[in-house]
Structures are given as structure tokens and as C-alpha cells.
Amino acid sequence: MRLPVLLTALMLTALPVAAQETLSDGQTLREGRAIRDGEEWITDVVVTARLPGPALWRVRKGDSQVYVLGAMPVMTKRVSWDSRRVERVIGLSNVLLTAPEAKGGLIGGTRLLMDRRLPLGKKLDEVLPAPLSQRFNALIDAHGLDREKYKKLSPLWAAAALREDVYDKAGIATRDPEKTLLRFAKAQKLKTQPSGNFSVAKTLGRIDDFSQPQQMACVAATLDEIDFALKHARAATEAWAVGDLQTVQRLSPDSALLACLEGAPSTKAMLGKAVEQTVGSITDALQTPGKSLIVLPLSALLAPGGALQQLEQQGATVTTPAL
């Protein structure tokens, strides 16, 4: 039986990807003072180092080095970007570590299939409050989708399916730049392997505990995310492509549905978890001698007290490599 992937795919959109590599030196983050711009945290080095392509950092501790490529939760497809620096990393790599795998098994897959549908006789329009139903159907109609596909799905499944379908119609990707790195790795016959795994069962347990108001709040937040992404994804992706992180942070949405699935009361709480996971991923990579490339969420890297700041406080040196 094939596991349904809508909800588990959402869990992967903010998880890391890594690769072993060799690269050159650059300017240290310590050489630029940290500055605050509203709620953002960006260093002088990031602002002034206008290098080709998206922002890239190097974290060094002892004999180990980890290069970090920042990623967004959604990116517009077919926006060109200078990939030469990243391809150089891939070309000198030993292995590409992909995002953690979802583990569920037969029981987990069966539960996913059961949980995705409303009780017999119920329809989505009858379950959603009228204003939410109107917004939901407006998005369906605006993108030429079929209302029949969603009418018997439970609210969270329907929101996840609509998010995927609208993004597909609008040419918005949720797994880039990982998919691009995988293509580079395949072209250069580089070994790939997952960097870990996570439990589908734990996600299912959280869904089972959701009250009706919680489900409606998650659906509403997901529709807000979709609207925001449709308006800003292209500009955010173009800014990412040239390392304009201030614009990226202003125009890139957090995943509202992912926050719900993680059990966080807000995206701010989810960001705290993401920062912790990001620091852990880089710290684990630093335990292995040699050099690594890892793709991680920009929000977790650059938030006040974010991963890059925490790693510096733990004794690592962070640089912007001039490749």
C-alpha cells in the first residue's frame, strides 16, 4: 500500500538536507557586528557580502566545517539563480544527506487513509464555517480546481490537499532547493542518503487530539499562508537568488499548517523548535571530520537568537565564504 504523502510532505518542508564537501575561506561573521532591523537579525557580513547566488555560510569548529545554504518554505519554480558556488560544493562532496524520512509502516498508512475522510454523509461545506467555506471554494475556483475532490475530506486533509494543488497550479515548489541539489548529485553520481527520520505516528497523534475549533484555526491559517505565498513567492524567490535576505524574511511565509501539525500554538513557537533542530543538525555534522553542505530554513538561521548566533556562542566560527 502506498502511504499518503500530503501531511508527511508538509513535515519535510522545513527539515534539513546536507552534503560532505571541500571549500575555501571567507570573511568571518565575528568581523561584522550583529544588527537588528525590526524583528530581523542580519549581520553586516550578510548585508555587505554581495556574492553570486543565494546566501551561503560556513560554520567551523576544530577540523570540521559545515557550509549552510538557507532555504525558504516555498519558492517559485523556474526562477533562474546562479548555482555555480553550490555546484562546486556538490562536485567536491562525498555524500548528499537528504531530508529525514517519514516512518509510518502499514498501521500508520492505514490510519492516514482512515483519518483523511469525513464521517459518512458529511461534506466539507457542512463542517467548515460559512466564511471559511467561501474562502476555501474561492481558491478552488480561482485556480480551476474541482470542488468534488475536497468535499469528503476532513478539514486538515482538505487544507493540505488544497495547499499542494494551488501551489502546483501557481508554479510554487515546497521542496526546493533540495530537489535542485538532488539533480546536481545525480548528474555527478554522488551518493545520497537521508539525514534521519521522523515518526508519522506522532503527527497522527496530534491530529487525533485536535478539537473542532483548533482544526478550523489551522484551516484558516493555511488559507492565509496560501494567499500570502501567491502574492509574494516570486519576489521572495528572486530576492533569495541574489542573497537579499531582508526582502526574503519580509516576503517568505512560515507554514501555518506545519505549525498546527507540530502542535505549536503559533509559528513563533514552531520557530523556536526549528532553531533547536537546526543547531542540532549543524552540531551533528560538525562531529564528523571533513566538510559538509547543509540546507536549512532561513527563518531558523537568522531569527533573533537563531542558529548562527547560538553556534557562535558555542565556540564555532561563522563565515561568508568567497567562492
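Derivation of every value follows stated rules applied to the coordinates shown; laboratory data play no part. Every value quoted in this text rests on a predicted model; they were computed, and no experiment measured them. Every residue, glycine as well, gets a Cβ built from its backbone with ideal geometry; the counts of neighbours run over all protein chains shown.
Summary table
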read-out	value
For VAL295, distant residues with modelled amide H under 5 Å away	VAL17, ALA18, LEU69
In range of the label at ALA138: residues from the range 212-237 whose backbone nitrogen is under 19 Å from the point 7 Å along Cα→Cβ	216-233
Whole-Hz ³J(HN,Hα) from phi, Karplus 6.51 cos²θ - 1.76 cosθ + 1.60, for the range 165-170, glycine and proline x	5, 5, 4, 5, 5, 8
5 angstrom amide H check on GLY53, placed H, neighbours 5+ away	ASP82
